[in-house]
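Notes follow the structure.
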Amino acid sequence: MTTPTADPLIVDSALAARLERTEAIANSRFVEARKRVDPHSKAAWIEVGGTYAMFDGPDSPCTQTFGLGISAEPQAAELQAIETFFAERGAAVHHEVAPLISPELIAILNQRHYHPIEFTNVLCRRIGSNVPMPTSRNAELRVVAASSEEAELWAQTSANGWAEHPEMMQFILDLAQNFVLTQGVTAMFAKLDDRPIATGVVAIVEGVALLAGASTIPDARNQGAQSALLAKRLQFAVDQGCDIAMMSALPGSPSQRNAQRNGFQIAYTRTKWKLS
């Protein structure tokens, strides 16, 4: 059943800038957490003309930029500074670009030998005391925030959700361990009979709640764990004073469909550009 919502958000450059800034700040905090835990990782981030560039290792999905061109068209010197930042760290240059940019920037990216490699849907919805909110459909599920003593258990549960892809489990475990240590992030479990079966996180940035980290162990799927986690995280965000929630998902994915069933709308589709 689709969750009713208030009037849809009007997607304009101001909203896009707010959403992109949320993800940029959340990811920069993730990089800061990595740097604190592992000073030898060379984790770092910079802000150049409104674009946030971050390095979390050459193979990390966090190693990219957010916000390119959303508030101001980057100058050639600014693009060069960003490209140098990644080159000095042995990383490919990736820009996650929202479509609400000038056509001239697309031409510039082509001229600098970038090409598109991936699409991501950014979804959002209003939240607040007067907005209908999702509810859990399984009363036996209990959703709780992970304590500092449960950080390792939370990370392992998150990785176990990828058990069908064993080649990914160590990579996910590494990301999940850093999630728990990131400023402004609250990690949550869904538990059934006190057994952790699913995970999710919510990052709070300037009144926007960014939802991520969804994972459910294979033998506990289709029991409403992610719906319960979504409802709990949205209520937590409202309690923290947020008025918008956002998430990202691959186009047409189960994550996108679940979000839309719970009142999220597709705000826009981002394109990831890679420097050849």
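The values are calculated or read from the model by the stated rules, or taken from the named source; none is laboratory data. Since the model is a prediction, treat every value here as computed from it, not as a measurement. Every residue, glycine as well, gets a Cβ built from its backbone with ideal geometry; the counts of neighbours run over all protein chains shown. Remember, those area values only see protein heavy atoms, side chains included, never the ligands or the DNA or RNA. Shrake-Rupley method; radii C 1.70, N 1.55, O 1.52, S 1.80 Å.
The table for this structure:
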{"read-out": "Any hit, the range 117-126, residues being touching a residue at least 12 places away in the same chain (Cβ under 8 Å) and over 19 Å from Met247 (Cα atoms)", "value": "yes"}
{"read-out": "Search result, residues across the range 73-112 that are over 25 Å from the mean Cα position of the chain (by Cα) and closer than 19 Å to Tyr268 by Cβ", "value": "Pro103, Glu104"}
{"read-out": "Residue identified as in a loop (DSSP other than H, G, I, E, B) and touching a strand residue (DSSP E or B) at 6+ places or on another chain (Cβ under 6 Å) among Gly241, Gly200, Gly263, Gly252", "value": "Gly263"}
{"read-out": "Candidates Ala91, Ala77, Ala16, filtered to the one that is open to solvent by less than 20 Å² (accessible area, probe 1.4 Å) and more than 24 Å from Val201 (Cα to Cα)", "value": "Ala91"}
{"read-out": "Looking only at the range 94-112, and only at residues there that are of a type in the set (Gly, Ala, Ser) and over 16 Å from Ser276 (Cα atoms), the one that is surrounded by the fewest Cβ atoms within 10 Å (Cβ to Cβ)", "value": "Ser102"}
{"read-out": "Some residue of the range 27-40 being among the hydrophobic types (A, V, I, L, M, F, W, C) and open to solvent by 50 Å² or more (accessible area, probe 1.4 Å)", "value": "yes"}
{"read-out": "Which listed residue is open to solvent by 50 Å² or more (accessible area, probe 1.4 Å) and out of contact with any Phe, Trp or Tyr (no Cβ under 9 Å at 6 or more places or on another chain), from Asp7, Asp59", "value": "Asp7"}
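Residue by residue, here is whether (1) more than 18 Å from the chain's Cα centre (by Cα); (2) open to solvent by 50 Å² or more (accessible area, probe 1.4 Å); (3) not polar (S, T, N, Q) holds:
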site: Arg195; (1), (2), (3): yes, yes, yes
site: Gly200; (1), (2), (3): no, no, yes
site: Ile204; (1), (2), (3): no, no, yes
site: Gly207; (1), (2), (3): no, no, yes
site: Ala214; (1), (2), (3): no, yes, yes
site: Arg221; (1), (2), (3): yes, yes, yes
site: Gly224; (1), (2), (3): yes, no, yes
site: Lys232; (1), (2), (3): no, yes, yes
site: Tyr268; (1), (2), (3): no, no, yes
